[in-house]
Amino acid sequence: MRKLFTILILTVFILPIAYSQNVQLHYDFGRHIYDKDLAERPRLTSTVEMFHPDKFGSTYFFIDMDYTQQGVASAYWEISRELKFWQSPFSAHLEYNGGLCSSFPYNNAYLVGSTYTWNNEDYMSGFTLSAMYKYIQKSPKPNSFQITGTWYLNFAKNGMCTFSGFADFWKEKTPAGKDYIFLSEPQFWLNLYKIDGISDDFKLSVGGEIELSNNFAGRDGFYAIPTLALKWTF
């Protein structure tokens, strides 16, 4: 899993005291659907996310870990900072990506750019769009770009359901000789604590995501990999 921009970052400009963190556990169906190409793909992935705003913007990070019978196969994290000292939907964006993997290397990536944020009046839906310069350390062509979009939509009674996700598009030479990579992870959650009769303190959500990618993680071409997942929000 990559970053689930759970899209709480969108609220930084309108809910300056809000913060959130959650832990997710995903069961991945990649090896079942693509048994020839992804026979060794880990079945379980955990995600830890944190979002915290302050008067100068917000900080967001997530950490993904993939598990096999031999232990942790890979660990990946991203941390980003939105900076905003003015009244505008635009903010300055700083970001770092990196990790470890037993099957392929993660190059350190440093990003800087600008983010546009929009929310509707009741904050039940919104999106961000970021345009960034991307420096990929140890890459033959380290100077690149990335465009990232995130979205969220809370619907049904009291926001019982959430549809959220992100989409990344960036330039990077792949092992197959391709120049561009696309990755998106739309997620759907049923928030059990929003159901009548269930305590608001029982912060469990059930759902999952679909990893949609093209030329990602050393693979050539398009893949659609679903998961089933649980999420606990603190």
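Here are some notes:
- Only Cα pairs under 8 Å and 6+ residues apart enter the sum, and on that basis the relative contact order of the stretch 8-233 stands at 14 percent.
- Listed residues ALA224, SER144, LEU183: farthest to the positive end of the dipole of the chain (Cβ charges): SER144
- Rg and Dmax of the chain, both derived from C-alpha coordinates alone, stand at 17.8, 57 Å.
- Nearest-20 debye value, the stretch 121-234 charge dipole, Cβ charges on Lys, Arg, Asp, Glu: 540
- Order of SER139, SER164, SER199 - criterion: other Cβ atoms within 10 Å of each residue's Cβ, fewest first: SER199, SER139, SER164
- Taking the helices alone, the chain has a mean residue ellipticity at 222 nm of 0 deg cm²/dmol, built from -39,500 (n - 2.57) per DSSP H run of at least 4 residues and averaged over all its residues.
- Counted by neighbouring Cβ atoms within 10 Å, the residues HIS32, HIS93, HIS26 run from fewest to most as HIS32, HIS93, HIS26.
- Extension gain, SER139 to THR68, is 22.7 nm, computed as 0.36 nm per intervening residue step minus the present C-alpha separation.
- Once exposed loop GluC sites (Glu not before Pro) are cut out (DSSP; at most 12 other Cβ, 10 Å), longest piece of the chain: 122-234
- Cβ-placed point charges (K, R +1; D, E -1), dipole of the stretch 8-233 about Cα centre in debye, nearest 20: 460
- Three-way shape label, the stretch 48-102, alpha-carbon gyration tensor, a/c 1.5: prolate
- In terms of other Cβ atoms within 10 Å, MET124, MET160, MET65 run from fewest to most in the order MET124, MET160, MET65.
- For trypsin sites (Lys or Arg not before Pro), the sites in the stretch 67-174 that DSSP calls loop and that have at most 11 other Cβ atoms within 10 Å are LYS138.
No value in this document is a laboratory result; all are computed from the given coordinates. Owing to the predicted nature of the structure, the values given are computational and were not obtained by experimental measurement. No Cβ is skipped: glycine too gets one built from the backbone with ideal geometry, and neighbour counts run over all protein chains shown.
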